[in-house]
Amino acid sequence: DVKVTQSSRYLVKRTGEKVFLECVQDMDHENMFWYRQDPGLGLRLIYFSYDVKMKEKGDIPEGYSVSREKKERFSLILESASTNQTSMYLCASSSPLGARGTGELFFGEGSRLTVL
Amino acid sequence: GEDVEQSLFLSVREGDSSVINCTYTDSSSTYLYWYKQEPGAGLQLLTYIFSNMDMKQDQRLTVLLNKKDKHLSLRIADTQTGDSAIYFCALGPPPGTYKYIFGTGTRLKVLA
């Protein structure tokens with residue numbers, strides 16, 4: 001069964017702490033994404049990566065960074081957590097559109113972060 | 001910029017059909033998707049439609065695509081309590097890009 005695994009389902013951190021959210025996929029996908037989900041705002045893209053060590057900013061990258069040292073792993077880093085980063089964070093992966101498939105996104109279960 | 005709109009809530013009785021609607025502004029996506037999100041979980045792909053199709057049926061699910069009106073709908077026949085969830089429509093990335101556009105989600109509540 002194909003899988004995207006997020007290491008932490010629930011985290012509680014204090015303002016100013018550094019936070020790491022880890023995501024691993026076992027589908028050999030080139031593309032990986034980090035979204036945050038807030039009520040009434042849907043999903044907003046933070047960063048995505050289309051290859052190892054490659055990354056692109058999404059719509060709301062401020063306050064976040066990412067790391068992709070291996071194809072299967074994509075990490076989201078909050079250098080100094082703030083209360084407005086309290087949210088649900090969703091990792092996803094996909095193959096490029098074309099012969100390999102329909103480009104559907106496969107999502108992890110989500111990481112709910114609370115910053116106090 | 002691109003925009004995808006959905007109504008926020010829908011309530012139906014068990015056994016009835018549910019229709020969730022989505023309108024969008026950008027029509028360059030090759031695929032359009034419907035995702036389901038159950039409480040506390042990630043999004044799960046329900047179905048998708050290729051942009052040159054008008055309709056796709058998959059068991060209890062029927063997807064209709066009206067490209068002229070830029071309207072996408074998901075019909076769930078014989079809705080069950082287990083269908084209660086948030087449903088997102090999403091536009092796939094236009095060729096050469098990586099950007100998916102999601103609607104804000106429709107919360108479906110099924111009444112027993």
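Just so you know, all these numbers are worked out from the coordinates, no wet-lab data involved. Model, not experiment: these values are computed from the prediction. Using ideal geometry, Cβ is built from the backbone for each residue, glycine included, and neighbour counts are taken over all protein chains shown.
Normalise the Debye intensity by I(0) for the protein assembly as shown, one equal point scatterer per Cα, no solvent, then take log10 at q = 0.13, 0.14, 0.15, 0.18 Å⁻¹ and round to two decimals.
Taken in order of the listed q values, log10 I(q)/I(0) reads -0.77, -0.89, -1.01, -1.36.
Work out the FRET efficiency for B:SER11 and A:GLU69 from their Cβ-Cβ distance, taking R0 = 35 Å, and round it to the nearest 0.05.
0.15
Going by amide H atoms built from the backbone, whose H comes under 5 Å of the H on B:SER7, apart from near neighbours?
Amide H neighbours of B:SER7: B:ASN21.
Through the Karplus equation 6.51 cos²θ - 1.76 cosθ + 1.60, θ set to phi - 60°, convert the phi angles of region A:41-57 into ³J(HN,Hα) values in whole Hz; use x for Gly and Pro.
Coupling constants for region A:41-57: 10, x, 9, 10, 7, 8, 8, 9, 9, 10, 5, 4, 6, 9, 8, 9, 6 Hz.
In whole Hz and in residue order, list the ³J(HN,Hα) couplings for region A:104-116 that follow from phi through the Karplus curve 6.51 cos²θ - 1.76 cosθ + 1.60, θ = phi - 60°; x for Gly and Pro.
Residue by residue, region A:104-116 yields 5, 8, 10, 9, x, 6, x, 10, 8, 9, 10, 10, 9 Hz.
For peptide A:38-51, how many partner chain Cβ atoms fall within 10 Å of a residue's Cβ, on average?
Partner-chain Cβ atoms within 10 Å, mean over residues of A:38-51: 3.
Using R₀ = 41 Å, calculate the FRET efficiency as 1/(1 + (r/R₀)^6) where r is the Cβ-Cβ separation of B:LYS70 and A:VAL52; round to 0.05.
0.65
What is the distance, in nm, between label points placed 7 Å from the Cα along the Cα-to-Cβ direction at B:ASP58 and at A:GLU79?
4.1
Give the residues of region B:12-30 whose amide nitrogen is closer than 16 Å to a point set 7 Å from the Cα of B:LYS109 in the direction of its Cβ.
Zone members listed by number: B:12-14.
Would you tell me the mean number of C-beta atoms belonging to other protein chains that fall within 10 Å of each C-beta in B:40-52, as a whole number?
Per residue, the number of nearby Cβ atoms from other chains is 4 on average.
Over region A:32-95, what lengths in whole Å, largest first, do the semi-axes of the equivalent ellipsoid take, defined as the square roots of 5 times the eigenvalues of the alpha-carbon gyration tensor?
20, 13, 9
To make sure I understand, if each residue's beta carbon is the centre and we count other beta carbons within 10 Å, what order do A:THR83, B:THR79, A:THR102 fall in, fewest to most?
Fewest-to-most Cβ neighbours within 10 Å comes out as A:THR83, A:THR102, B:THR79.
May I ask you to evaluate 6.51 cos²θ - 1.76 cosθ + 1.60, the Karplus curve with θ = phi - 60°, for each residue of region B:12-21 and list the ³J(HN,Hα) values in order in whole Hz, giving x for glycine and proline?
Each residue's phi maps through the Karplus curve to give 9, 8, 4, x, 6, 8, 10, 10, 10, 10 Hz.
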